[in-house]
Amino acid sequence: MNTLARWARAEWGRLYVTVREPLLERRLRALPLTIGAVCLTGAMHFVQNQSWGFRFVQDVGAVRAEDPLWAALLRTPLSLFVPALDLPVWGALAQILVVFGIAEICLGRWRTLALAYTATLAGTLYARLGVWLGPDHPLGLPASDAHVVDTGPSAAVVGLAVFLGCRYGAYVTAGAVLAAMVVEVALKENLAGKEHLAAIAAVLVLCGVSALRQRRSRGRVGTGSGLPPIQS
């Protein structure tokens with residue numbers, strides 16, 4: 001086995017083993033959430049590009065920092081599936097299919113949905129905080145960003161990718177996603193890139209909490225094994 005193959009096995013081996021069997025046995029039946037997300041995102045893209053549907057999608061799924069908080073929170077769940085108008089929809093659909101699909105098998109549909117929502121909500125709330133802080137603050141945003149629509153499914157995809165990387169030992173992949181988002185902010189200085197970083201920050205906190213809980217759980221199992229302590 002050459003060096004590249006060994007590295008790939010070390011990086012993605014756990015993910016591959018976890019995903020392979022359910023996908024071979026159940027195929028698309030293993031991915032109901034993912035298939036639904038892809039179909040809903042495609043439908044939203046089609047509707048918002050119609051003269052009769054653009055306003056409807058904006059009203060139910062477009063979130064801006066200038067919106068009242070209650071309206072933003074109501075729209076945020078559906079905003080996960082509203083792709084950006086200025087980007088090709090096939091890219092968003094491919095990302096959802098791959099990342100949501102892996103997450104659904106590895107984490108379960110409800111945990112996947114909860115993590116996706118958490119990542120998206122983190123970006124949404126950061127935009128409001130950044131505009132409030134103003135451009136002179138290191139974490140602040142210009143007032144014009146209050147009128148910009150949030151990222152849509154990309155924050156959820158980025159957050160899930162980082163969580164999976166940390167959870168299944170694909171640390172280089174998780175680091176590459178983080179580095180790509182940092183480069184995006186450095187080159188474009190746009191709201192979407194900063195919301196992606198906020199989503200990653202929220203997910204890394206969850207990764208830390210999850211790792212701490214697992215460590216405590218292993219500790220309880222070890223101390224409750226019934227074996228006598230080792231005498232020195």
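The values are calculated or read from the model by the stated rules, or taken from the named source; none is laboratory data. Quick caveat: nothing in here was measured; it's all calculated off a predicted structure. Here the Cβ positions follow ideal geometry from the backbone for every residue, glycine too, while neighbour counts run over all protein chains shown.
Checked against the criterion of being in a helix (DSSP H, G or I) and closer than 30 Å to residue 30 by Cβ, the candidates 95, 58 yield just one match: 95.
Within the range 1-34, work out how many residues are touching a residue at least 60 places away in the same chain (Cβ under 8 Å), over 20 Å from residue 171 (Cβ atoms) and not in a loop (DSSP other than H, G, I, E, B). The total comes to 6.
Being among the polar types (S, T, N, Q), touching a helix residue (DSSP H, G or I) at 6+ places or on another chain (Cβ under 7 Å), closer than 16 Å to residue 65 by Cβ and touching a residue at least 24 places away in the same chain (Cβ under 8 Å) holds for only one residue in 124, 173, and it is 124.
Taken over the range 103-121, the criterion of being without any contact (Cβ under 8 Å) to a residue 40 or more places away in the chain and among the small types (Gly, Ala, Ser) is satisfied by 108, 114. Residues in the range 164-192 that are closer than 24 Å to residue 72 by Cβ and modelled with pLDDT under 90 were compared, and the one that is surrounded by the most Cβ atoms within 10 Å (Cβ to Cβ) is 191. Quick check, is residue 161 crowded, with 21+ Cβ neighbours inside 10 Å, at pLDDT below 90 and within 25 Å of residue 98 (Cα to Cα)? So residue 161 fails the test.
Restricting 94, 43, 84, 71 to those that are among the small types (Gly, Ala, Ser) and surrounded by 17 or more Cβ atoms within 10 Å (Cβ to Cβ) reduces the list to 84.
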